[in-house]
Amino acid sequence: MRAVQDATIARVRQQGRVGVLADAFADEDFCRAIATAIGAGEDIRCARGTIRFMRTGVFAELAGSDVAVWQGQVRSTGAQSSNTVLVLGERLLLKAYRRLHAGINP
């Protein structure tokens, strides 16, 4: 629980087990997995629909062929926002929208 202390949203309990609910965007491996899914154009089927990861036309140019370049450090931009904005390596920006509306989101 200490590893996600700064990202903790709430304490949770299931019978005798105690843990925390944490913001996944605080986990660098999660952020890298999201970027990888975007680059691969993956679709993940869920109980109530599909999560579709789509890259822009310049993703390959920005990400480059060397995955290690953007699989490196994940850091926050430090910007105060209701969204989460992270930088992967030196070339990619990952933005998580916290307030989604019906329809296609940017």
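The values are calculated or read from the model by the stated rules, or taken from the named source; none is laboratory data. Since the structure is predicted, the reported quantities are computational estimates derived from the model, not experimental observations. Neighbour counts run over all protein chains shown; Cβ positions are idealised from the backbone, glycine included.
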Counting just the residues of the range 26-42 that are in contact with a helix residue (DSSP H, G or I) (Cβ under 9 Å, 6 or more places away or on another chain) and under 12 Å from residue 94 (Cβ atoms), which one comes out surrounded by the fewest Cβ atoms within 10 Å (Cβ to Cβ)? 30
Complete set of residues in the range 46-62 that are at pLDDT below 90, of a type outside the set (A, V, I, L, M) and surrounded by 10 or more Cβ atoms within 10 Å (Cβ to Cβ): 55, 59
Given the condition assigned to a strand (DSSP E or B) and more than 16 Å from the chain's Cα centre (by Cα), answer yes or no: does some residue in the range 37-48 qualify? yes
Does residue 9 satisfy being modelled with pLDDT under 90 and either surrounded by 13 or more Cβ atoms within 10 Å (Cβ to Cβ) or not polar (S, T, N, Q) (or both)? yes
